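Bear in mind these aren't lab numbers, they're just calculated from the coordinates by the rules spelled out. Treat the numbers as computed from the prediction; the structure is a model and nothing was measured.
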Amino acid sequence: MRTTVEFDEDTARAVAELRRQRGIGVSEAVNELIRRGMLPGPLRAPFRQRTTRLGIRIDVSNVAEALETLEGSDAR
């Protein structure tokens, strides 16, 4: 496929650097960089919610009252 593409400065540098390192043409460098970008990234550690004991019990059946207890009446 033939098309015209305008590269941002950083991507143009990446293409030029890869071309210099490997001695390849623009199309081959762009295709390689695109393929690298399509690879799955490293797995992230699963999210863990950290909790802290507040020393109080909150009844969350009344949201307004729970927020007032946690944030104070001046929070509104």
**Asked** When Cα Rg over 2.2 N^0.38 Å is calculated directly from the model, which label among (1) 1.42; (2) 2.35; (3) 1.77 fits?
**Response** (2)
**Request:** Read phi for every residue in segment 36-53 and hand back ³J(HN,Hα) as whole Hz from Karplus 6.51 cos²θ - 1.76 cosθ + 1.60, θ = phi - 60°, with x for Gly and Pro.
**Result:** 4, x, 7, 5, x, x, x, 5, 8, 5, x, 5, 10, 6, 8, 10, 9, 6
**Prompt:** Karplus couplings for segment 64-74 from phi (6.51 cos²θ - 1.76 cosθ + 1.60, θ = phi - 60°), rounded to Hz, Gly and Pro as x?
**Reply:** 4, 5, 5, 5, 5, 5, 7, 9, x, 6, 7
